[in-house]
Amino acid sequence: MNFDFSDDQKFLKNEARKFLDANCPTSRVRKVLDDDGKAYDEDLWKAVAGQGWLGAAIPEEHGGLGLGHLELCVIAEELGRVVAPIPFASTVYFLAEAIMLAGNDEQKAHLLPKIAAGEVIGAIATSEGPGVLNASSLQSTVSDGKLNGVKIPVTDGDIATVALVLAKENGKAGLYLADLTDASVAREAVKTLDPTRDAARLTFKDTPVRRVGNAGEGFELVEQIFDRAAVLLAFEQTGGADRCLEMAKEYALERYAFGRVIASYQAIKHKLADMYVKNELSRSNAYYGAWALNTNAPELPVAASAARIAASEAFWFGSKENIQTHGGIGFTWEMDCHLYYRRSRQLSLVAGAPRVWKERLVSHLERRNAAAAA
């Protein structure tokens, strides 16, 4: 059994790293961070689209490369390493996956080629504020093809052109496509810890929508989409965690204290070793998730939950230990440490907090064990 990527996939990974090293240094990330009027790097977005990455998993008949989810995973890892300031996750992991999973032929033919070409920016709008959303608390409604309600926060909602919106119709939850360029949609920017991945409050007033999937299966679809996105997000988080370890190690080998490089002190060695262990656990779970996603295995919900939990922990831990390893200078604006801490916090919440995924993992395992015992 092969637990590694193929040579072609490793080649794609290396080429992606070369491209991003050349086209996405942290100076470009900082330009988005420092400019309140700039929500993402448009030039980088166009360049990534030109590489074909937006359509890596989209079938060729719909304008994509038709490579598969394993190739998308290796791209996601490299994007995470450079904390790319583009709406790749919202568009590819959520919108494109949802359309490929549950869209009808017309929706696939209309949206997937535009996603692959970078002509569409996606967003998923499920949350309506603090707390866990369920059938009884869902307030957004659809009647006669018109959507009314408020969604907050919506990652990339201030720049997206199309959103997937969870709403009730005739008392049953459904998932709907909304054109965010329609005049009936009001957007209000929401301040977040990571301005390189903005969020917004979206208000819909009689906004025309089209349903994705069948009526009444909104929550089921959202769970399936989140499982798929969780694996891809885990690769981004693993890439970011790896870069945090590299930064901490490089600085520890250069910084002297009391006549010795700080990497020679046991306390620093412990930090780096703990980061390495968490990163390897994250990678192992991400690989398990990649296999389940690529083969559409029944283990996907469990694998996705495990990958999401391990990757969120690894990236958060790595980002804060990177700051600690740098010492006082690690807290300054000039150092890049905070870019990774910001992104670790953003990615850990974009598809539900780790606490939610831990509960989902336990529920899936309980159901699996009960079925095995029956």
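Summary table below
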| quantity | calculated |
| --- | --- |
| Residue-normalised accessible area of the range 54-156, given per residue in Å² at a 1.4 Å probe | 33 Å² |
| Distance from the range 199-220 to the range 41-96 (C-alpha centre basis), Å | 24 Å |
| 5 angstrom amide H check on Val212, placed H, neighbours 5+ away | Leu175, Tyr176, Leu177 |
| Ranked packing of 72-80, 14-22, most packed first, by mean Cβ within 10 Å | 72-80, 14-22 |
| Computed magnitude of the charge dipole of the range 98-202 (debye, nearest 20; Cβ of K, R +1, Cβ of D, E -1) | 240 debye |
| Carbon/sulfur fraction of accessible area - the chain, other protein chains in place, 1.4 Å, % | 53 percent |
| Around Gly63: net Lys/Arg minus Asp/Glu count, Cβ-Cβ under 13 Å | -1 |
| Integer Hz, Karplus 6.51/-1.76/1.60 couplings in order for the range 196-213, x for Gly and Pro | 7, 9, 5, 9, 8, 9, 10, 10, 9, 10, 6, 7, x, 9, 10, 6, 9, x |
| Most to least packed among 60-70, 202-212, 137-147 [average Cβ atoms within 10 Å] | 202-212, 60-70, 137-147 |
| For the chain, built as a Gaussian network whose Cα springs stay under 10 Å, the top-fluctuating residue of Asn23, Asn285, Asn170 | Asn170 |
| Net lengthening on full extension, Glu119/Arg368 (0.36 nm per residue, minus Cα-Cα) | 85.5 nm |
| Length-normalised contact order for the chain - Cα pairs under 8 Å, 6+ apart - percent | 15 percent |
| With eigenvalues of the C-alpha gyration tensor scaled by 5 and rooted, the range 279-374, Å | 33, 13, 10 |
| Within the range 168-186, backbone nitrogen closer than 12 Å to the virtual label 7 Å beyond the Cα of Asp144 toward Cβ | none |
| Translational diffusion of the range 37-119, µm² s⁻¹ [Kirkwood Rh, Cα pairs; Stokes-Einstein; 20 °C; 1.002 mPa s] | 167 µm²/s |
| The chain: angle of helix 300-326 to the longest principal axis, Cα-based, in degrees nearest 10 | 40 degrees |
| Along each principal axis, Cα extent of the range 64-108, largest first, Å | 36, 20, 13 |
| Three-way shape call for the range 20-159 based on the alpha-carbon gyration tensor, with the a/c threshold at 1.5 | oblate |
| Among beta bridges that DSSP assigns inside the chain, antiparallel share in %, nearest 5 | 85 percent |
| Residue-averaged 222 nm ellipticity for the chain, from DSSP H runs of 4+ at -39500 (n - 2.57), nearest 500 | -17500 deg cm²/dmol |
| Viscosity 1.567 mPa s, temperature 4 °C, Stokes-Einstein D of the range 127-175 from Kirkwood C-alpha radius, µm²/s | 112 µm²/s |
| Burial order of peptide ranges 190-199, 365-374, 324-333, 153-162 (average beta-carbon count within 10 Å, highest first) | 153-162, 190-199, 324-333, 365-374 |
| Cα-derived Rg over Rh, computed across the range 80-167 with Rh taken as Kirkwood radius | 0.99 |
| Residue-count net charge about Val190 - beta-carbon cut-off 14 Å; Lys, Arg +1, Asp, Glu -1 | -2 |
| Calculated on alpha-carbon atoms, Rg and Dmax of the chain in Å | 20.7, 74 |
| Calculated FRET efficiency for the pair Thr161/Val277, C-beta based, R₀ 35 Å, to 0.05 | 0.25 |
| Helix 354-373 vs. the chain, principal-axis angle (Cα, 0 to 90°, nearest 10) | 70 degrees |
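The values are calculated or read from the model by the stated rules, or taken from the named source; none is laboratory data. Please read these numbers as outputs of a predicted model, since none were measured by experiment. Because the Cβ atoms are built from the backbone with ideal geometry, glycine has one as well, and the counts that use them run over all protein chains shown. Please note that ligands, DNA and RNA were not included when accessible areas were found on the heavy atoms of the full protein model with its side chains. Shrake-Rupley method; radii C 1.70, N 1.55, O 1.52, S 1.80 Å.
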